[in-house]
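Single-structure report; data block below.
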Amino acid sequence: MSASVLMTKLHIPVVSRKLVSRSRLLAQLADGLIRPLTLVSAPPGFGKTTLLAEWISDSATSNLQFCWLSLDNDDNELTRFLTYVIAALATLKHGIGDAALILLQAPQPPPLKTIVTALINDLESIPVPYTLVLDDYHVITTPPIHEAISYLLDHLPPQMHLVILTRADPPLPLARLRARNQLVELRASDLRFTQDEASDFLRQVTGLNLSAGEIATLEARTEGWIAGLQIAALSMRSQNDVAGFIKAFTGSNRFILDYLAEEVFHHQSQAIQDFLVQTSILDRFTGPLCDAITEQTDGAQTLESLERINLFIVSLDNQRCWYRYHHLFADLLRARLRRDAPQRVPDLHRRAARWFESQDDVFEALKHWFAARDFAQAVRVLETIGLGMLERGVVPQLLGWIKQIPAEHIHAHSWLNIYHCWAMLLTGQFGGLVERLAAAEHELPDRDPDRQSKLGHIATIRAYVALMSEDLPRTFQLARQARELLPPDERSIRSVVAFILGSANVRAENLTDAEICYADAARLGEQGGNVHIALPALCILADLRATRGGLHQALQAFQDALRLGTAESGHPLPIASRAFVGIGNLHLEWNDLVSAERHLEKSVELSALWGNADTQMYCNLALARLRQLQGNQNDSLRLLEEARQIARFSTMTIPAQALLAAFQMRVSLANGDWKSAVQVAEQRGLRHDGELGYVTEIEYTAYARVLIAQGDVAAADALLERLYQKAEAGNRRERMIEILILRALVFQAQGDMSQALTTLGNALTLAEPEGYVRVFIDEGAPMIELLRRAGSRGITPRYVTQLLSAATPKSETKERAAQPLIEPLSEREIEILGFIAAGLSNQAIATKLVVAVGTVKAHTASIYRKLDVASRTQAVARARDLNLI
């Protein structure tokens, strides 16, 4: 949608002059601000929009801010709806909703609640009271949109208020809100004009000196229905016998509308009648657009004239450029067009489509091409914008348009066919995808100038499917074929190909080739604007560099990823959680626990918003490890259990389960529970002579520790020897260092101190350049003893001294816990802190305590301040250190 049309959707309607004082309703609206929702629900013609516009105008001098979204039938799609809601809210504060937009535009968006939660987190940063108005909400029929609004209402920031204007009650939890006194309702009975209001209105509009009896008759006949009174007033302007007109004035609202609107319509000139009927196909219009529709040149002047005589036209901006008809009047005009000249409708829509295309508003143009049932033109436009929609993540809307096109048109246009295949792939619709790809390839003309590029797209999609099926030979074949076919300037798709090749090389344990491919994917993705490829590629590249022992190179790659994952507002996007956990792990290895905590806590927070199961599990395990090192066993076990539950939804089952098993075994051993560690190993089918692989070597290395704990050092040594040979062959220095450390412990346990020190010396030599710390000191007392012996024998003495110093630090956690609170927590704050520790949401806590969510948030803010923390996790850890919970 063009900027001008978007502006009309977000513009607060203008009240040109106030005809009637509605102070009683304005007071109700003001009183409703202390509750989450105001619902204004009434049939058409009761002045809902006008009332809200008047209220906003009267509130201009207050501290309250407003944003507005006018909805129409085209907004009945989740991505489009939320994009417009975010655009409306962003008028209050720049950058609001950036994170949610990135999630929406992901090729495979996370769960709806994740997206709305990201938006809510941004909304909480707006420092002043504000109100979002959703006008014409009755056009929304899509269940996910209602679900999103319901979730927003359940977690609404205390300074936010929502107003919904609708002709019918929406399927939201109104009964629950009503029972909790969280809802203000204005209905038709409230909006109807009283007799005094009707009197003021009629005298202002007609300029006639009507008697009290005549006004009472009109008010009674219309039952205060504002549209009926307005049309009656317009009709009376042209009546010679006003008293007779009033006497004959009777019937239902629909009858009154049809009768009086016809009266008003027939009193216009033929030119105005033609103008009204032809432009009725438009939801909103401006002078030049009307000129294109009517093929005249007086559109702007005609609109100004219609506004002057108050002929059911509503201005949509302060410049009086864009307008719309009153919904009831528009319905009548469209019905007249369909009845009297149905053959003209397609041509009028074609004129509108051509005008919108000339304004580069292809979305509005498409709407009119479809309305004209001109599928050839719709296909032409979709083939122009389809790839951009895929790259921006507007996949559901693209699919929705494609489904409206007859199959013969899709098959006859290869780009549209290919974009359809991409959309199916990205939305997980694999049924029929292979067959559609074969048909797309078969239908490609030999002399098509884009044949190579199209074949490249088809090969890329097939390679993606092959990778998901773990068919590595076919993945390599198709991805290389795609790379040869795709033109150099198709950087975004080429970045996908490079990523596929990187993933396949990792599975094939070709890590050098994998690094090259991921570096290409990151470069091409950034150049092509595809952050959803570039950022993960950089993070995996960083992991591979760390695996090869290049911790500082890894840090640089993670920092580059973090730069890509930061919005213009400076806020990190949820996808950046992968970079935060990587940086946190590096600081943890270097024993910088303060920096590690800051980054790992942020990673857990963002990964929960991102909704990617693999990343979320990884972030939880990383923070669980830190909590264990800090002595916070309860929090560590809680995070481990959460990771176990999340792992069930992993798309990479083998790596996820291997990582989880490794961590479980190490936690059990650290707690002295080697039997539980053995149980995990048995569940995973681990044996000292089992088959080793790159993705499973992490759990086999942990299993070697289990064998050592059991006293089976011979089996442990045999396993470690095989692991070392494999790691050395792949130049995976990080794993080599860890294995050498464990072998040194095995030799120590066997009484071979000379071999133990030699092996440890090899590990120290490999580790010193990058400053590894935790990999040594986490092995506990036996390693500390070996390090002391190594130092006394002159083995890397400076490095050994650093490690021994790090092994006995002055615990920052204990030091901090020893500091008394300057301001003690209240009993209610301690109670809420207990609920937070139990994992309850603010809404759940509010329900238990029978208080407002805002009250819980205020207590939570006070708790954070008193404990000098910035997150729930930090608050719980600090409280446990102080024995408060």
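The values are calculated or read from the model by the stated rules, or taken from the named source; none is laboratory data. Every value quoted in this text rests on a predicted model; they were computed, and no experiment measured them. Counting neighbours? That spans all protein chains shown, and the Cβs are built from the backbone with ideal geometry, glycine included. SASA here: full protein model, heavy atoms, side chains in, ligands and nucleic acids out. Shrake-Rupley method; radii C 1.70, N 1.55, O 1.52, S 1.80 Å.
Brief remarks follow.
- Across W422, W415, the residue with the most accessible area heads the list, and the full order at a 1.4 Å probe is W415, W422.
- Rounded to the nearest 10 degrees, the angle from helix 270-279 to the longest Cα principal axis of the chain is 20 degrees.
- Restricted to Cα atoms, the stretch 414-542 shows a radius of gyration and a Dmax of 14.2, 44 angstrom.
- Rounded to the nearest 20, the size of the Cβ-charge dipole of the chain about its Cα centre is 1100 debye, with Lys and Arg at +1 and Asp and Glu at -1.
- Calculated log₁₀ intensity ratio I(q)/I(0) where the Debye formula runs over C-alpha points of the chain, q = 0.06, 0.07, 0.08 Å⁻¹: -0.55, -0.71, -0.87
- Accessible carbon and sulfur surface of the chain relative to its total accessible area, %, 1.4 Å: 51
- Between the exposed loop cleavage positions of the chain, defined as GluC sites (Glu not before Pro) in a non-H, G, I, E, B DSSP state with at most 11 neighbouring beta-carbon atoms within 10 angstrom, the longest gap is 1-294.
- Proximal charge balance of Q481 [Cβ under 11 Å; K/R count +1, D/E count -1]: +3
- Figure note: M424, M7 ranked by solvent-accessible area, largest first, 1.4 Å probe, ligands and nucleic acids not counted: M7, M424.
- The residue among G751, L156, V713 whose Cα reaches farthest toward the positive pole of the charge dipole of the chain, with charges on the beta-carbon of Lys, Arg, Asp and Glu, is G751.
- Along the axis of the charge dipole computed for the chain (Cβ charges of +1 for Lys and Arg, -1 for Asp and Glu, origin at the Cα centre), the listed residues L174, A858, W415 are led at the positive end by A858.
- Ordering P797, L621, S199 by the projection of their Cα atoms onto the charge dipole of the chain, which places +1 on the Cβ of Lys and Arg and -1 on the Cβ of Asp and Glu, puts P797 at the extreme positive end.
- Global form of the stretch 101-154, assessed from the alpha-carbon gyration tensor, a/c cut-off 1.5: oblate
- The stretch 307-379-the stretch 600-662 distance, computed between alpha-carbon centres (Å): 53
- Summary of the geometry: the stretch 750-814 and the stretch 507-554, compared by the centres of their Cα atoms, lie 31 Å apart.
- Between helix 733-749 and the chain: long-axis angle, C-alpha atoms, 0 to 90°, nearest 10: 40
- Range of Cα positions in the stretch 35-128 per principal axis (Å), largest first: 42, 32, 21
- Mean Cβ neighbour count within 10 Å, used as a protection proxy, ranking 38-49, 269-280 highest first: 38-49, 269-280
- Helix 577-589 and the long axis of the chain differ in direction by around 20°, with both axes built from C-alpha atoms.
- Once backbone amide H atoms are built at 1.01 Å from N, E185 has L39 as its partners under 5 Å, excluding neighbours fewer than 5 places away on the same chain.
- Coarse-grained scattering of the stretch 667-725 at q = 0.14, 0.17, 0.21, 0.29 Å⁻¹, given as base-10 log I(q)/I(0) from a Debye sum over alpha-carbon atoms: -0.33, -0.49, -0.75, -1.31
- Charged-residue dipole, Cβ positions (Lys, Arg, Asp, Glu), the stretch 450-609 about Cα centre, Debye nearest 20: 460
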